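Structure, as structure tokens:
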Amino acid sequence: MRGSVKDGQTISSEVISLSVKGPGLQRMVLVDLPGIISTETIGMASDTKNSITRLANNYMSNPNAIILCIQDGSVDAERSNVTELVSKMDPHGKRTIFVLTKVDMAEANLHDTDRIQKILDGKLFPMKALGYFAVVTGKGNADDPIDLIQKYEEDFFRNSKLFGNGVFKATQTTTRNLSFAVSDCFWKMVKESVEQQADTFKASRFNLETEWKNSFTKMREQDRDELFEKARGEILDEVVNLSLIPSQQWEDNLTKYLWSQMSNFIFDDVFLTAAQAESVGGFNTTVDVKLQQWAEKELPRQCVNIGHDVLLDEFQGLIEREQKSRSYDPITNDLKMQVVQACRTRHQWDTKALDSLRVIQTQALQDRNVPDKQQWETAAKFMENVIRKELEHQESELNSNLNPSSWSKLFTFQGSTIEEKNRQQCVKELQKLLLNRQQLDKTTKHNYTFRSILDYDELTTVKKNLQAQKVDVSNDFISDLWQRVYKIHFLKRNLSTCLDCRRFFYYYQKGLSDQGLDCHEVVFFWRLKRMIEITSNAIRQQISNIETRRLEREVKEILDDFNTDETLKANLLKGKRVDLAEELKRVRQVQEKLEEFIVALNTEK
């Protein structure tokens with residue numbers, strides 16, 4: 001206790017706490033303050049008197065505090081220092097109980113019974129109180145047990161002359177009655193405070209409900225938890241709706257995604273490379289080797305990733321289509337999109353699908369036997385469509401480099417730059433080179449046109465022709481443009497071949513060639529088309545039979561994780577509407593609890 005007092009000080013504001021628990025004891029905090037002094041004696045700090053007063057003021061000014069004004073009955077009332085302070089803190093005496101102690105000593109030294117009578121009637125001190133009590137707290141022996149102290153007090157009042165003369169009233173004596181009075185005062189203050197708080201929350205609830213009716217007409221109040229559960233049901237409904245998507249729609253989407261992902265590899269690494277072979281056998285050998293390596297390594301994993309993306313894209317598409325309906329509530333948009341993104345990260349394709357895909361894809365790519373005319377014509381049509389689309393893309397890219405947008409020129413007030421003019425002249429020279437190759441092929445019966453490489457002599461010729469036109473460019477500049485120009489030429493030539501081969505199935509079936517036309521390119525694209533169809537069908541079955549159920553389980557896990565993260569929920573479900581509903585929910589809950597407490601207090605009384 002002394003350790004809490006700093007050097008040079010007499011008292012400390014630090015609290016020394018002691019918890020007392022037991023049956024029948026009220027759950028209250030009793031603060032024993034130092035007595036108010038009028039004089040600072042030798043050895044005390046110079047501010048002791050003021051420090052005690054400040055400390056007492058600090059606790060007594062609490063409107064929820066019950067003030068026990070303790071007055072020594074053996075000391076003259078005029079020497080009391082505490083009553084004046086109490087009257088300032090509680091001038092109406094609504095939370096003050098006066099306690100007169102040591103009345104046994106007062107009775108022994110009694111000269112004037114009227115003074116004690118006036119004290120207990122509240123007529124002597126300039127203060128008001130809820131009640132006035134006289135108590136005896138033992139004989140002054142610190143070792144006396146509580147039972148002995150209580151017996152001594154009861155015996156004193158039973159045998160007291162003042163009690164017999166009517167100075168002491170039974171209800172104003174003993175520590176037990178004082179405890180009851182404190183308890184009654186405590187619960188009375190609690191009830192008044194609770195009733196006041198209930199009225200405050202009732203008014204707040206009315207204001208909030210009025211604001212809701214004016215701000216969100218015809219909308220039901222839904223707090224964050226209710227909105228989350230509503231969104232949970234809608235999200236899980238969309239997962240179920242995945243099973244209602246037609247099989248053809250799945251396979252069409254998968255086919256589109258598969259070709260878009262593999263088209264660059266097919267054209268640049270396989271088709272264009274194999275076309276450099278001087279014979280059909282060389283073409284087929286190159287194609288077989290590259291497709292075999294592709295099917296054993298990258299292709300299955302690539303297709304699984306595409307299946308994953310298509311599944312999640314369809315899931316997101318269902319949610320976004322629902323968002324466009326008139327009756328849709330947009331407040332859950334952020335939550336739903338966050339769930340979709342979490343699914344993209346968390347959902348892992350069943351690893352068993354890789355091995356089965358690898359087997360069926362390898363078998364499809366190895367088969368070069370087109371079974372019937374319909375399959376042949378379908379393959380030729382597929383070849384025509386993909387080559388035409390790739391040709392349009394390559395020509396668009398080349399034209400955008402050669403001829404920038406007229407809007408861009410107008411906006412920047414500039415014509416073609418030097419680099420753009422150089423590029424245009426270079427393309428013209430490269431196109432002339434291709435024409436020369438074609439003429440050379442006709443006279444020499446060689447296939448120079450097929451070569452994708454620009455040899456040194458050709459590069460030198462193109463560069464000299466450009467220099468003659470005062471166009472100075474590097475070899476790398478010419479080579480880069482050559483790759484695009486040659487690819488466009490290559491695609492045009494194969495587009496023409498495709499059209500010529502559309503009705504070539506009879507000759508293919510008989511193993512004949514029509515005036516040098518072999519159409520092995522159609523067989524190549526038939527192999528690709530069949531592999532894509534088989535893959536799309538297999539992935540579609542995987543989605544329908546396995547992945548949709550696994551996705552539903554993962555969505556439930558994600559929603560459960562989100563539901564336990566209050567911060568994340570607050571970020572995903574936000575806005576004035578949510579905040580107002582949350583505040584209404586909180587105010588209603590507090591008001592209902594307060595009203596239940598008031599009913600319990602009244603029942604207990």
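Since every read-out is calculated from the coordinates, none of them should be taken as a lab result. Small disclaimer: the values here were computed from a predicted structure and weren't measured. No Cβ is skipped: glycine too gets one built from the backbone with ideal geometry, and neighbour counts run over all protein chains shown.
Brief remarks on what is shown
- Signed unit charges on C-beta, dipole axis of region 235-564, positive-most listed residue 365, 247, 343: 365
- Residue among 235, 525, 293 farthest towards the positive dipole end of the chain, charges placed on Cβ: 525
- Along its three principal directions, the equivalent ellipsoid of region 31-110 from the Cα gyration tensor extends over semi-axes of 22, 20, 10 Å, largest first.
- Less than 5 angstrom separates the built amide H of residue 65 from none of the residues sequence-distant by 5 or more or on a different chain.
- Rh by Kirkwood over Cα pairs, then Stokes-Einstein D for region 61-196 at 1.567 mPa s and 4 °C, µm²/s: 83 µm²/s
- When only alpha carbons are used to place a centre, region 472-503 and region 179-195 end up 97 Å from one another.
- Here region 492-571 is described by how far its Cα atoms reach on the three principal axes: 76, 29, 13 Å, from widest to narrowest.
- Placing a label point 7 Å from the Cα of residue 244 along the Cα-to-Cβ direction, none of the residues of region 523-553 has a backbone N under 14 Å of that point.
- Cα pair distances exceeding 18 angstrom across region 452-512, given as percent: 55 percent
- In a simple Cβ point-charge model (Lys, Arg +1; Asp, Glu -1; nothing else charged), region 521-605 has a dipole of about 480 debye relative to its Cα centre.
- Short to long, the 10 Å bins of the Cα pair-distance histogram for the chain hold 3, 10, 13, 11, 10, 9, 7, 6, 7, 7, 7, 5, 3, 1, 0, 0 percent of all pairs.
- For region 291-391, the calculated P(r), taken from all Cα-Cα distances in 5 Å bins from zero up to the bin holding the longest distance, is 2, 10, 13, 12, 14, 14, 12, 10, 7, 4, 2, 0 percent.
- The helix-only estimate of mean residue ellipticity at 222 nm for the chain, built from DSSP H runs of length n ≥ 4 each weighted as -39500 (n - 2.57), is -21500 deg cm²/dmol after division by the residue total.
- Cβ charges +1 (Lys, Arg) and -1 (Asp, Glu), total dipole of region 235-564, debye: 1060 debye
- Rounded to the nearest Hz, the phi-derived 3J(HN,Hα) couplings of region 293-308 under the Karplus curve 6.51 cos²θ - 1.76 cosθ + 1.60 (θ = phi - 60°) are 4, 5, 5, 7, 10, 6, 4, x, 5, 4, 5, 4, 4, 5, x, 4, where x marks glycine and proline.
- Backbone geometry of region 467-474 corresponds, through the Karplus equation with coefficients 6.51, -1.76 and 1.60 at θ = phi - 60°, to 3J(HN,Hα) couplings of 5, 5, 9, 6, 10, 10, 10, 7 Hz, x marking Gly and Pro.
- When the alpha carbon gyration tensor of region 334-407 is reduced to an equivalent ellipsoid, its three semi-axes come out at 34, 32, 11 angstrom, largest first.
- Alpha-carbon radius of gyration plus Dmax, which is the widest Cα pair, for region 235-564 in Å: 25.0, 80
- Translational diffusion of region 287-339, µm² s⁻¹ [Kirkwood Rh, Cα pairs; Stokes-Einstein; 37 °C; 0.692 mPa s]: 238 µm²/s
- The 3J(HN,Hα) values that the Karplus relation (6.51, -1.76, 1.60; θ = phi - 60°) gives for region 126-143 are, in residue order, x, 8, 10, 8, 6, x, 10, 10, 10, 9, 10, 10, x, 8, x, 8, 5, 8 Hz. Gly and Pro appear as x.
- Low-density loop positions, trypsin sites (Lys or Arg not before Pro), region 213-315 - DSSP coil, at most 16 other Cβ in 10 Å: 218, 220, 297
- Computed lengthening from residue 593 to residue 502, 0.36 nm per intervening residue step minus Cα-Cα distance: 24.5 nm
- Contact order relative to length of the chain, as percent, for alpha carbon pairs under 8 angstrom and 6 or more apart: 17 percent
- Dipole moment magnitude, nearest 20 debye, the chain about Cα centre, only Lys, Arg, Asp, Glu C-beta charged: 1340 debye
- Options 166, 140, 187, ranked by Cα towards positive dipole end of the chain, top entry (Cβ charges): 187
- Relative contact order (%) - criterion: Cα under 8 Å, at least six apart; region: region 61-196: 24 percent
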